[in-house]
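Colleague: Sharing a structure, written as structure tokens. Questions coming.
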Amino acid sequence: MTDDKSLNICVFCGSSPGVDPAHMKLATELGQEIAARGHGLIYGGGGLGLMGATARAARDGGAKVIGIIPHFLNEIERTIPGIEHEYVDDMHARKLRMFDLADAFVVLPGGMGTLEEVIEVMSWQRMNLHDKPIVFLSDTEFWNGLVTVFGDIIKAGFAPESVHDDIESDESIEAVFATIMRRLKQGRKAQPLGGNLNGDKIEDLV
């Protein structure tokens with residue numbers, strides 16, 4: 001955390017614009033709001049799609065923006081001038097560096113890379129490796145299906161009921177920041193790990 005009031009917000013999102021203009025609009029507004037609140041932006045370093053829209057808006061609003069990008073993606077994803085970039089060797093190093101710099105994660109609409117990034121930090125949270133807030137954001141119900149899948153996983157016994165408490169999904173930027181501040185204030189209670197079979201009931205699974 002940069003100080004008591006300023007946070008490093010890591011945004012996971014698509015490097016494509018998608019077909020719905022609402023997604024690009026939301027990305028721009030999130031970048032603007034990150035800057036307006038005096039926070040910093042950590043992101044994947046590319047200049048295209050939702051990723052680029054978020055970064056440009058945050059930069060133009062005066063936020064400190066740091067992009068983390070592997071060398072091989074530098075030309076493909078067209079890094080943005082006027083933004084600080086850290087170049088790493090591979091995708092694994094990229095994700096780890098973004099995690100290390102972040103105080104909280106906001107997940108905008110995106111594709112496979114976005115899913116990979118957020119599922120990994122959710123898995124680390126499930127294993128009590130961190131308590132940083134993770135919040136899905138969409139004003140088009142984009143993430144509703146995924147949230148339903150998470151519920152199905154819990155219902156099927158592949159994750160405990162307590163995982164419900166870690167899944168945060170909001171429809172407005174204002175709500176996202178309220179969720180982040182609430183989660184930072186209340187903290188996260190470490191959850192039990194491992195498989196404990198009691199008769200036919202699975203009480204807890206990673």
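Colleague: If you average the C-alpha positions of the range 86-152 and of the range 37-80 separately, how far apart do those two centres end up, in angstrom?
Modeller: Centre-to-centre distance over Cα atoms comes out at 16 Å.
Colleague: Under a plain spin-label model, where a point goes 7 Å from the Cα along Cα-to-Cβ, how far apart in nm are Arg78 and Ser16?
Modeller: 1.6
Colleague: Would you mind classifying the chain by shape? Square roots of the alpha carbon gyration tensor eigenvalues, ordered a ≥ b ≥ c; an a/c under 1.5 is rounded, otherwise it is prolate if a/b is larger than b/c and oblate if not.
Modeller: Because a/c hits 1.5 or more and a/b exceeds b/c, the chain counts as prolate.
Colleague: Mean-square fluctuation check for the chain, GNM, Cα pairs under 10 Å: which of Asp170, Asp103, Asp20 is largest?
Modeller: Per the Cα network of the chain with a 10 Å cutoff, Asp20 tops the list.
Colleague: Scan around Ile134 for amide H atoms under 5 Å from its own, H built in the peptide plane at 1.01 Å from N, and keep only partners 5 or more places away or cross-chain.
Modeller: Residues meeting the amide H criterion: Phe105.
Colleague: What does the extension gain come out to for Glu86 and Asp165, with contour length at 0.36 nm per residue minus their alpha carbon separation?
Modeller: Here the segment from Glu86 to Asp165 would lengthen by 25.1 nm.
Colleague: Ordered by residue, what ³J(HN,Hα) values in Hz, to whole numbers, does the range 84-89 give under the Karplus form 6.51 cos²θ - 1.76 cosθ + 1.60, where θ = phi - 60° and Gly and Pro are x?
Modeller: With the stated coefficients, the range 84-89 comes to 5, 10, 10, 9, 10, 7 Hz.
Colleague: If you don't mind, there's one more thing I want to ask. Which is farthest toward the positive dipole end of the chain among Val118, Ile69, Ala156, measuring Cα position about the Cα centre, with Cβ charges +1 (Lys, Arg) and -1 (Asp, Glu)?
Modeller: My answer, from the dipole projection, is Ile69.
None of the figures in this text is laboratory data; all of them are computed from the coordinates on show. Being a predicted model, the structure only gives us computed values, none of them experimental. Positions of Cβ are generated from backbone atoms using ideal geometry, with glycine treated the same way; all protein chains shown enter the neighbour counts.
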